[in-house]
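Here the structure comes first, spelled out in structure tokens, and everything after it is commentary.
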Amino acid sequence: MSVISLKHYLKRGQALPSYLGIKGSLEPDEAFALGSRVMQWSEEILLIDLSNVYNYWKWAAQGEELLPFFERKLKELFGETQLQFCFAHHPFQAVLNLKQQEESFTCLGTPQGDLYFRQQDFRYWESALEEFGKHIPSKELAEFRKNIGRFNRFLERMKINRPFDILNIKQDSLERRFGKWLGRVWSWVFKGFEKVKPEPLQGDLFQTNFSSFDISFPWQGTLLKEMPFIKRFLDHPLIEWEHMCEPLVEDMNKLLKEYRELRQERVTRINWVVTLESLEEKSCSIIFRNPHSLLDDAPKFETFLFQAYYSYLSMMKEIEAREDNLDFPIRMATVGWRLEVQESLRTAHLNEDLLSGSVSSSRMEMENKLPLSLQSFGLRPSFFPEVSFGPREDEYLGEKLPWLAASKRKPLFIFNKIEPLVLEGNYKKTFLERVSTIWWHGAEPELGDRDYYLIEDNEGIMWWAFQEPTGGWFKHGLFS
Amino acid sequence: MELNTQEEALLKEHLHKFSLEEKGPPIRSGLDELDAFFLKRGGVHYGKIIEWGAPVGRCGRFMILRFLRDLHESVVWIHGQKEELQVYAPAWAQRGIDLRLFYFIRSRNPLPELRPLFLEPAFKVIVMDCPERLSPGDWSFISSKVRENKQLLFVLRPFFLSTKRGNPLVSWRVNCWLRPKEGKYCLNFLKGGEGKIEIPMSRVRDT
């Protein structure tokens, strides 16, 4: 088997898929050189979630496109081996692809990778589903197997060979007939192939998704073989955060001293198990959005302290809410803790000193300090506002997009949901632009013809609204 | 010691040169009448705070983008408007904003929630859009940090600022709104060169 000579390129504006599947004999510990979240799917398949290390690799790639960068990196790390690699939008896609893959390297999102994946056969599902059964709760296994049998009989009866031949089957209808797991599997297979809509900015503090991780997927992460840890029993209970900072920093310095390999790693998760006065142990996850160098953070560990504080605060809020009716002091005191590094990216193979600082590296550091992630946007080629932008990806379309010039009057903020607008009393309307259906992409009922107007109400507030051909008015944005 | 006119001119020139070297050239909007107003108090520079009264629905934010579009610096826009509103990126790009340098984060209480943003100059420009509460302590913290880190801070208020209550920590207090009937943007400077100006809408959009 030769290492890729095929030309791979991602479609315009498309980011590298977040999951990497590796087939062959590879120890999970070796996979930590690529990502900090690794799952041993089966004896021969390893899955790596790259979503939380994506920004780091982008920085390490120093402007090079991520796909060729990874092709090169995989060769450097594993040489000319018998390993096969597949980048996918979902871990289950990677498993399915690796089951039938002949090439050493494929990537969904590339024309070739997508074509290959679309042609996949149900024949390869059998072993993938059998392995999947090992990762679901054992009490659901018998039912799951029964449903697989029914599903296979259904496919046979209907003479269906490929999943992409029956795209119109929806997840919920499959779930009703063949159970929740097969319904979910069905939705995972088509992930990344559906139309993407922008996510609104996160609202609540601490309610942050640190990655694009799919919580419905039974991900069972492999932990580091030897987890660096440190324990402390405090001389006297502590209540105030300010008093806890000093011993915490002391412990982190000790940890770095005792486990020298941590100096060449970038940590993404530290489990901080706090022992409270009541001897109850509560776990606080200190999660870094981007792989974080403890060595760079030493000796003050400012970034670590920020994330520890957010995590501690949210744990305390939970306890206070639980014990609201009890006559306890305002905050429960802490009598000890245990800090253990659970996830880290091994970067020993990289000479980071050679990587020049850039906006993205300072952004990574800042994101690690904040309780919320920073969002940035990229543009997509569409006249319809809802689908004309999304999370920023590699290619910047910017002012190259001709439709930006269609109407120069667009609001900076739009509503998450388009709602009917009742026009009453005095108002002034000014026509702005007409947006037409993308009929050549097939019928999309929610993206029909629209006439956009600037509506000024009697209080002088300006709205961005549209009228459908049927006459209905809808509120879409606010000129702020 | 008294200086003659020639010496005075020379000194003025040196001082001007020194201040430019120290602060760099002022940040401009590209609209001469607006820039002239800001230049009355030395021009917009890093390390300054501008309080901007821009009630929602009256287009006051468009004018801010005039200052940010040619900066080539990373900007963080702290979005504290209603939950149901989200950023519409194409409109920003259309106004000349380089989306690669623009970051958004939602918070109504930037202090204490987003304290790290003020502790180091990772972002040279910070825009706090509709912060809910800013105590006198918060104001003194941000003003000292903004000066120390040489950041430019815009504080956008969802109401018109008034002269009844001042703000000693900001360099300018400006109300901005659009009069669609006349097709003009109105700016009312309450602090930092008091006065009013009107700018035709087409110039704000097209220049």
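The values are calculated or read from the model by the stated rules, or taken from the named source; none is laboratory data. For clarity, every value in this text was computed on a predicted model and none was experimentally measured. Every residue, glycine among them, receives a Cβ derived from its backbone with ideal geometry; neighbour counts consider all protein chains shown. Heavy atoms of the whole protein, side chains included, go into the accessibility calculation; ligands, DNA and RNA do not. Shrake-Rupley method; radii C 1.70, N 1.55, O 1.52, S 1.80 Å.
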Which of the GluC sites (Glu not before Pro) found in the stretch A:15-64 are loop residues per DSSP with 13 or fewer other Cβ atoms within 10 Å of their Cβ? A:Glu43, A:Glu64
Scan around A:Gly109 for amide H atoms under 5 Å from its own, H built in the peptide plane at 1.01 Å from N, and keep only partners 5 or more places away or cross-chain. A:Asp114
Under 5 Å between amide hydrogens, which residues at least 5 positions from A:Phe413 or on another chain qualify, with H placed 1.01 Å from N in the peptide plane? A:Leu478, A:Ser480, B:Tyr88
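Once you have the Cα-Cα distance between A:Arg118 and A:Asn416, take 0.36 nm times their residue separation minus that, and quote the gain in nm to one decimal. If you can, show how the numbers build up before the last one.
Values: separation 298, 0.36 × 298 = 107.28 nm, distance 3.25 nm.
Roughly 104.0 nm would be gained on extension.
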Taking a probe of 1.4 Å and leaving out DNA, RNA and ligands, the stretch A:229-369 shows per residue an accessible area in Å² of 50
On a C-alpha basis, how far is the centre of the stretch A:63-124 from the centre of the stretch A:250-324 in Å? Whole number, if you could? 35
Within the accessible area of the protein assembly as shown, what % is carbon and sulfur when the probe is 1.4 Å and the other protein chains stay in place? 50
Provide the per-residue ³J(HN,Hα) series for the stretch A:457-468, in order, calculated from phi with Karplus coefficients 6.51, -1.76, 1.60 and θ = phi - 60°, each as a whole number of Hz, with x at glycine and proline positions. 7, 5, 8, x, 7, 9, 10, 9, 9, 10, 10, 7
Share of Cα-Cα pairs in the stretch A:19-189 beyond 25 Å, whole percent, is 36
Taking the Cα centre of chain B as origin and charging only Cβ (+1 Lys, Arg; -1 Asp, Glu), how large is the dipole, in debye to the nearest 20? 740
Could you pull out the trypsin sites (Lys or Arg not before Pro) across the stretch A:287-327 that fall in loop regions by DSSP (anything but H, G, I, E, B) with no more than 16 other Cβ atoms inside 10 Å? A:Lys300
Would you please give the FRET efficiency between A:Ser362 and A:Lys300, computed as 1/(1 + (r/R0)^6) with r the Cβ-Cβ distance and R0 = 22 Å, to the nearest 0.05? 0.80
Based on Cα positions only, what radius of gyration and what Dmax would you give for the stretch A:229-369, in angstroms? 16.4, 57
In terms of solvent-accessible area of protein heavy atoms at a 1.4 angstrom probe, what is the ranking of A:Thr430, A:Thr268, highest value first? A:Thr430, A:Thr268
Residue by residue through B:72-84, how many Cβ atoms from other chains fall within 10 Å of the Cβ on average? 3
Count the lysine pairs in the stretch A:19-189 whose Cα atoms lie under 15 Å apart, taking only pairs 8 or more positions apart in sequence or on different chains. 7
Average beta-carbon neighbours from other chains, 10 Å sphere, peptide B:59-66: 3
What percent of all Cα-Cα pairs in the protein assembly as shown falls into each 10 Å bin, going from 0 up to the bin containing the maximum distance? 2, 13, 20, 22, 21, 14, 6, 1, 0, 0, 0
Only sites in a loop by DSSP and with at most 14 other Cβ atoms within 10 Å count here; which GluC sites (Glu not before Pro) in the stretch B:148-207 make the cut? B:Glu182, B:Glu194
Once accessible area is computed for B alone, A alone and the pair with a 1.4 Å probe, the total buried surface, to the nearest 100 Å², works out to 4800
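Could you state, as a whole-number percent, how many of the C-alpha pairs of the stretch B:38-80 are farther apart than 12 Å?
Every Cα pair in the stretch B:38-80 considered, those over 12 Å come to 74 percent.
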Suppose all protein chains stay in the model; what accessible area per residue would a 1.4 Å probe give for the stretch B:139-189, in Å²? 46
Which of the lysines could be linked to A:Lys429 by a straight reach, that is with a Cα gap under 18 Å, when you skip same-chain ones fewer than 8 residues away? A:Lys408, A:Lys410, A:Lys475, B:Lys181, B:Lys184
Between the stretch B:25-80 and the stretch B:164-179, what is the C-alpha centre distance in whole Å? 12
In straight Cα distance, which lysines are under 22 Å from B:Lys191, not counting same-chain residues fewer than 8 positions off? B:Lys23, B:Lys40, B:Lys48, B:Lys145, B:Lys150, B:Lys164
Share of pairwise Cα separations in chain B, more than 21 Å, in percent: 55
In nanometres, what is the gap between the two model label sites at A:Asn161 and B:Ser140, each 7 Å from Cα along Cα-to-Cβ? 7.8
